[in-house]
1. When only residues in the stretch 189-214 that are in contact with a helix residue (DSSP H, G or I) (Cβ under 8 Å, 6 or more places away or on another chain) and part of a strand (DSSP E or B) count, which is farthest from residue 87 (Cα to Cα)?
2. Is there any pair linking a residue in the stretch 188-208 that is touching a residue at least 24 places away in the same chain (Cβ under 8 Å) and on the phi > 0 side of the Ramachandran plot to one that is in a loop (DSSP other than H, G, I, E, B) and among the small types (Gly, Ala, Ser), with Cβ under 7 Å and at least six apart or on different chains, and which?
3. Tell me yes or no: at least one residue of the stretch 159-178 is outside any loop (DSSP other than H, G, I, E, B), closer than 22 Å to residue 81 by Cβ and free of Cβ contacts under 8 Å to residues at least 12 places away in the same chain.
4. Enumerate the pairs (first residue in the stretch 12-37 and free of Cβ contacts under 8 Å to residues at least 24 places away in the same chain; second residue anywhere and crowded, with 19+ Cβ neighbours inside 10 Å and β-branched (Val, Ile, Thr)) with beta-carbon separation below 9 Å, excluding pairs fewer than 6 apart on the same chain, so at least 6 apart or on different chains.
5. Checking residue 122 against (1) in a loop (DSSP other than H, G, I, E, B); (2) over 30 Å from residue 43 (Cβ atoms); (3) charged (D, E, K, R), only one condition comes out false. Which one?
6. If we scan the stretch 135-158, do we find a residue that is among the basic types (Lys, Arg), in contact (Cβ under 8 Å) with a residue 40 or more places away in the chain, crowded, with 18+ Cβ neighbours inside 10 Å and not in a helix (DSSP H, G or I)?
7. Counting only residues that are at pLDDT below 95 and either of a type in the set (Gly, Ala, Ser) or under 29 Å from residue 136 (Cβ atoms) (or both), how many does the stretch 63-86 have?
Amino acid sequence: MALVRAEGLHKDYQVGELAVPAIRGVDFVIEPGSFVCFVGPSGSGKTTLLNMIGCLDRPTAGHLSVLDTQVSDLDRRPAAAFRGEHIGFVFQDFNLIPVLTAYENVEYPLIMVQKWPAGERRARVRSLLAAAGIEEQADKRPDQLSGGQKQRVAVARALVTNPKLVLADEPTANLDHKTAYRIIDLMRRLRDEFGTSFVFSTHDPKIMGEAEVTFELEDGLLHQKEEEASP
């Protein structure tokens, strides 16, 4: 079973009386356990595609399935429930809650979305903080962390609900060169450990070089090329 399958996918945005096409009838498949990136210039449709895969936006036309569910047919509440159960997110600006500690930021989805019992929450959060190499930062708030540490917290938070899919929108854009490589290596290690698929939108050649499959977008049209990931 494909993890994600798109067939004839379109997305238009209404600007006044005009329908402006962002995605123009694309087809693609993402397999389980993949390390995939969507690349292309600004405005090419990368983030739009991620938003549709992540049930944050609905296609104008076509079919989109994630984990064998037709997410293109889901209304707002079912889409939110599906997203909370199956999909994690990593953002370029981290999107951490500033008043919460690193531990609490990672724990948050288990309380608000999946409502895990306290003991199971503690064990899961501690294991993800350790896997991300930030257990010593557990009691610090985001303003006490470096950019790389914030992104490690964000990656741990994305994985804490044990999703099959993590969507990462420009996850290294606000990181220096050395830190970006460490974050990419972390995500690859966690993919190998947990079997989670990572799908990126990016301009970053570091991520492109690590991707196993690259989808190139331009003017809402898609081309795929197979990549040999760096050793």
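The values are calculated or read from the model by the stated rules, or taken from the named source; none is laboratory data. All values reported here derive from a predicted model rather than from experimental measurement. For neighbour counting, all protein chains shown are included, and Cβ atoms are generated from backbone atoms with ideal geometry for every residue, glycine included.
1. 214
2. Listed pairs, sorted by first residue: 195/33.
3. no
4. 13/48
5. So residue 122 meets the others, but not (1).
6. no
7. 5
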